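These notes are about the structure you will find just below.
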Amino acid sequence: MNNNSLFIVIEGLDGSGKTTISRQLVSCLETVFSKKVKQTFEPHDASCAGLFIRQVLEKKILQFSPETLTYAFAANRLDHCDREINPWLEKADHILICDRYYLSSLVYQSSKNHPFEYVMQVNQFARKPDLILFFNVSNEVCYQRMLHRNKPQELFEKDLSETRSKYFSAIDFLRTKRDENIVEIDANGTLQEVFDQVIEQLILLKKESWNEAQCLQLRSYKIQPENTFEITNNVSNNLENILNSFPHAPSPDIIHAHFTNLKHTDQAIIFLKILGQQGYHPGAKFARLPAQAFELTYNLPGGIVLQGGALILDSPLQYGTILESISVIEKMIHFLFVYVPGNPEAVNQYYERDLIQFSNGLNAIFPNIKIITEADIVNTLFKLTN
Ligand code: TYD
């Protein structure tokens, strides 16, 4: 397939900065190849076996065999290829940046009894990347960056030196057995230093197709400060201004184009405002979350108040962020609306409860349903009588 698309994988230890750099890379490439750049990640929560993998990583599922996990990651990857990676890269000149891919499986799923050959065999149908960048960092830098993350340790974040040396063996394997294009990046420096190395590698790879002006523009990109996105509780003040900027009586296409061009903050304000119009009243901001979130309340007849939340993500849907946010909110919530910017392809509804529409036009999240079986009744009676 020679349509000049570009499939880049970023790999490295937890804390090597790959997620931050991927995000910045997308913003940078967008300046030159507008609307042709996409960011994704693995494990891909919205793909096959995504929920199983997430629960294993969070140590909620403890009983699993190494083979099951290897196949789960491989199935997750193939489905990710089928529904997201391949369709995107089939379009001419499109670029996709994936945070982790089969090199991670070679590193984390291989063992004495499961050599690289076995893990690669299971992953044989996954699309081959054009370039794999391995972010190498010292243990000290890794630990420092992970400290700032304020999130529980995941299953594989144990021995950095051992993981690093497995990375090198797996890289060697992929280079010799599959002639893969893998480049090591020194990721100990500042974000800008790391970023500049990455851009040089991309330019090297695409020297035949990117012109000088494009390369110059990419090289001059300056890392943008992260987390500048901030919404206060005073949502409604800004809404008028945003809506006034829309053309009069626009068609759906125009609304879509206009909305996607809005700043992320303004998109989020519209999201909150729409919820408000549906009867969900925004309240205080939830503190200490990995994303921005507001309390919502919904008044039912009879003075019953449902408590919920609105979560605003600033990058493609990562189910881990949602789970993490829910666990940090120290309140019982009945519903959660999540705003995910960008293309909805990554959203997979099997994680979600549906919306129902009442005859008065208002929407509500489909209620939680608990089915009471005969066994439940028997059980309850048993507890009551013992
Ligand atoms: P996650 O928190 O989603 O992302 P990251 O740590 O990259 O920000 O966790 C990914 C974890 O999944 C990481 O510890 C490595 C592991 N993993 C595998 O074991 N095999 C795989 O094939 C992939 C893609 C990831």
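Figure legend. Inter-residue proximity from the range 1-28: first residues surrounded by fewer than 24 Cβ atoms within 10 Å (Cβ to Cβ), second residues charged (D, E, K, R) and in a strand (DSSP E or B), beta-carbon distance below 6 Å, spacing 6+ or different chains. Indicated pairs: Thr19/Asp99; Ser22/Asp99.
Screening the range 1-113 for strands (runs of 3 or more DSSP E) wholly inside it with 1 or more residues that are at pLDDT 95 or above returns the ranges 6-12, 95-99.
Just wondering, is there one or more residues in the range 226-245 that are in a helix (DSSP H, G or I), at pLDDT below 95, β-branched (Val, Ile, Thr) and out of contact with any helix residue (DSSP H, G or I) (no Cβ under 6 Å at 6 or more places or on another chain)?
No: zero hits.
For the range 53-87, a residue qualifies if it is β-branched (Val, Ile, Thr) and either within 12 Å of the ligand (Cβ to nearest atom) or over 17 Å from Gln39 (Cα atoms) (or both), and the qualifying residues are Ile53, Val56, Ile61, Thr68, Thr70.
Just to be sure before I move on: is Lys177 more than 25 Å from the chain's Cα centre (by Cα), in the same structural domain as Asn136 (by TED's automatic domain parsing), of a type in the set (Lys, Arg) and in a helix (DSSP H, G or I) in the structure I sent? So Lys177 passes the test. A residue that is surrounded by 19 or more Cβ atoms within 10 Å (Cβ to Cβ) and more than 14 Å from the ligand (Cβ to nearest atom) occurs nowhere in the range 152-165.
Scanning the range 17-43 for residues being within 9 Å of the ligand (Cβ to nearest atom) and of a type in the set (S, T, N, Q) gives a total of 1.
Contact map, the range 53-80: residues that are on the phi > 0 side of the Ramachandran plot paired with residues that are polar (S, T, N, Q), Cβ distance under 7 Å, separation 6+ or inter-chain. No pairs are found. The set of residues in the range 186-221 being open to solvent by 90 Å² or more (accessible area, probe 1.4 Å) and at pLDDT below 95 consists of Lys207, Glu208.
The values are calculated or read from the model by the stated rules, or taken from the named source; none is laboratory data. This one's a predicted model, so the numbers in the text were calculated from it and none came from an experiment. Cβ sites come from the backbone with ideal geometry, for glycine too, and all protein chains shown count toward neighbours. Remember, those area values only see protein heavy atoms, side chains included, never the ligands or the DNA or RNA. Shrake-Rupley method; radii C 1.70, N 1.55, O 1.52, S 1.80 Å.
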